[in-house]
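What follows is a set of notes on a single structure, which appears directly below.
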Amino acid sequence: MGNLEEDVFALKFELETLSNVLLRSESERWIPNFLYPQTEKSHIDRYNLACNYSFNKKILDVACGSGKGSNILANEGRALSVNAYDIDERAIRYAKHRYKSENIHYNILSAEDINEEGFYDLVVSFETIEHLKDYDRFLHNVRKALKNGGMFLVSTPLSTVDIDINPDNPYHKQEWGFQEFHHEIKKFFSVEKIFVQLYPIAIQNYRNAKKQVAKPLLYKLIERVKRRLNAKPYFENFNHSNFSVIEEFCNQYSIEELSVKNVGYQIVLAKK
């Protein structure tokens, strides 16, 4: 009966995510197999990148969410152990049921409240720091939690300005431009490598079109109703040209064009 209860809970959690995607065309929580293919692949690719640094390592996965990424690190990445923290009690409950593994330990904890010292070889934090009000405290605690020489792999969306304190995403406290984010990381770590994960310009053009056209409220409501009736996402034609690719930044893009001509994320590999 215990397993059945957890199965029912997990199914409800998944259906909640699916309804957000279909009705609102958004979800701030990654529940595997219940998001758009582009979003799904983006998350998995980031954890696959982390697997290059995870073998036989003690890892902290900050804001682990559903636990899929932690499971990738523990199994495909062959980590020695993974401590996976998230502030959402429901997400941790889901992770413990859907993505349990002998070398993964899930716990409820805010990213800003990490309180360990010199324990981890690698800390992974994907799409977390932009949600935090006290991100300096978070970076300080991550540094303290790492062993000397330990690595920190962190990603965040690319902003079109140096510091955006009022991002479009209502869940984000702030976002950073390409170079400004490095400046924040360098306060606590040395930057070893920088990766970019960019989406095609077509998506950028779509977003620009949305911003440029000031549509009346009634028109927006009609559009939303149509999307709900048709159950169609914003990007209707899925193909591999819509998918992001992670590549190491080696000046193949000018600083000016990052975030302006491209949409996506930057991923910084830093060292204590």
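Data for the structure
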quantity: Residues of the stretch 56-70 that turn out to be surrounded by fewer than 24 Cβ atoms within 10 Å (Cβ to Cβ) and either under 15 Å from the mean Cα position of the chain (by Cα) or modelled with pLDDT under 95 (or both), as a count; calculated: 2
quantity: Selection status of Cys51, in a helix (DSSP H, G or I), modelled with pLDDT of 80 or more, among the hydrophobic types (A, V, I, L, M, F, W, C) and in contact with an Asp or Glu (Cβ under 6 Å, 6 or more places away or on another chain); calculated: yes
quantity: Filter pass, Lys96 being surrounded by fewer than 20 Cβ atoms within 10 Å (Cβ to Cβ) and under 22 Å from Asn48 (Cα atoms); calculated: yes
quantity: Flag if Arg78 is assigned to a helix (DSSP H, G or I), among the basic types (Lys, Arg), more than 15 Å from the chain's Cα centre (by Cα) and under 29 Å from His140 (Cα atoms); calculated: no
quantity: Residue in the stretch 31-38 that is in contact (Cβ under 8 Å) with a residue 40 or more places away in the chain, out of contact with any Cys (no Cβ under 7 Å at 6 or more places or on another chain), among the polar types (S, T, N, Q) and buried (at least 21 other Cβ atoms within 10 Å of the Cβ) present; calculated: no
quantity: Every residue from the stretch 155-186 that is within 18 Å of the chain's Cα centre (by Cα) and part of a loop (DSSP other than H, G, I, E, B); calculated: Ser159, Pro167, Asp168, Asn169, Pro170, Tyr171, His172, Lys173, Gln174, Gly177
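The values are calculated or read from the model by the stated rules, or taken from the named source; none is laboratory data. Predicted model only: the values in this text are computed from it and were never measured. Positions of Cβ are generated from backbone atoms using ideal geometry, with glycine treated the same way; all protein chains shown enter the neighbour counts.
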